[in-house]
């Protein structure tokens with residue numbers, strides 16, 4: 001997959017110190033990755049690059065929302081997401097991204113592409129179980145939700161002693177005779 005140029009930061013010409021980069025992410029960003037779980041995406045990514053003489057420190061802050069379908073009712077809703085992530089970029093002999101928050105790039109590199117980090121941060125900021133907020137507070141009116149409630153098992157409040165085989169009563173006495 002060829003990297004997207006707008007997410008490439010050329011750090012060679014930058015002075016030592018802090019530099020801000022802002023990105024507005026929408027659904028076209030996820031089309032590039034062929035990820036179609038989101039109906040709509042409006043996420044702001046603020047990247048603070050702290051350039052030092054021997055390494056780079058990147059701080060990612062994502063805020064916004066993704067519109068996705070509820071796991072229970074399949075109703076679309078807006079899920080707010082916020083996430084922070086720190087990445088340290090060091091220089092070494094060869095490219096190495098085995099560590100989660102340390103990236104090693106070869107000495108001759110002059111730019112870094114952050115599109116994969118942005119993609120992973122947004123996808124991982126979404127909860128694993130996606131539940132519409134209307135389900136939790138009881139305000140969602142959905143035919144699927146009504147059908148689920150209709151088909152849910154009903155609690156029986158009958159006297160359980162009547163249903164028990166009388167042969168077990170003798171064994172119950174053993175428990176209380178201690």
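So the values come out like this:
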| quantity | calculated |
| --- | --- |
| Unique match (being farther than 24 Å from residue 88 by Cβ, surrounded by 12 or more Cβ atoms within 10 Å (Cβ to Cβ) and modelled with pLDDT of 90 or more) among 35, 65, 23 | 65 |
| Residue that is farthest from residue 45 (Cα to Cα), among those in the stretch 97-115 that are in a strand (DSSP E or B) and touching a residue at least 40 places away in the same chain (Cβ under 8 Å) | 111 |
| Single unsatisfied condition, residue 62 versus (1) in contact with a helix residue (DSSP H, G or I) (Cβ under 6 Å, 6 or more places away or on another chain); (2) not in a strand (DSSP E or B) | (2) |
| Unmet requirement for residue 56, which otherwise passes all of (1) at pLDDT below 95; (2) part of a strand (DSSP E or B); (3) under 21 Å from the mean Cα position of the chain (by Cα); (4) farther than 30 Å from residue 138 by Cβ | (3) |
| Check on residue 32, under 18 Å from the mean Cα position of the chain (by Cα) and in contact (Cβ under 8 Å) with a residue 24 or more places away in the chain | no |
| So residue 86, is it within 18 Å of the chain's Cα centre (by Cα), farther than 29 Å from residue 134 by Cβ and surrounded by 10 or more Cβ atoms within 10 Å (Cβ to Cβ) | yes |
| Leading residue by the ranking (surrounded by the fewest Cβ atoms within 10 Å (Cβ to Cβ)) among those in the stretch 121-133 that are part of a helix (DSSP H, G or I) and within 8 Å of the chain's Cα centre (by Cα) | 124 |
| Among the residues listed as 136, 111, the single one being closer than 21 Å to residue 8 by Cα, out of contact with any helix residue (DSSP H, G or I) (no Cβ under 8 Å at 6 or more places or on another chain) and loosely packed, with under 15 Cβ neighbours inside 10 Å | 111 |
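Condition check ((1) touching a strand residue (DSSP E or B) at 6+ places or on another chain (Cβ under 9 Å); (2) at pLDDT 90 or above; (3) within 21 Å of residue 50 (Cβ to Cβ)) across all residues:
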| site | (1), (2), (3) |
| --- | --- |
| 105 | yes, yes, yes |
| 114 | yes, yes, yes |
| 126 | yes, yes, no |
| 134 | yes, no, no |
| 142 | no, no, no |
| 158 | no, no, no |
| 162 | no, no, no |
| 168 | no, no, no |
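The values are calculated or read from the model by the stated rules, or taken from the named source; none is laboratory data. As the structure is a computational prediction, the values presented were derived from the model and not from experiment. Reconstructed Cβ throughout: ideal geometry from the backbone, glycine too, with neighbour counts over all protein chains shown.
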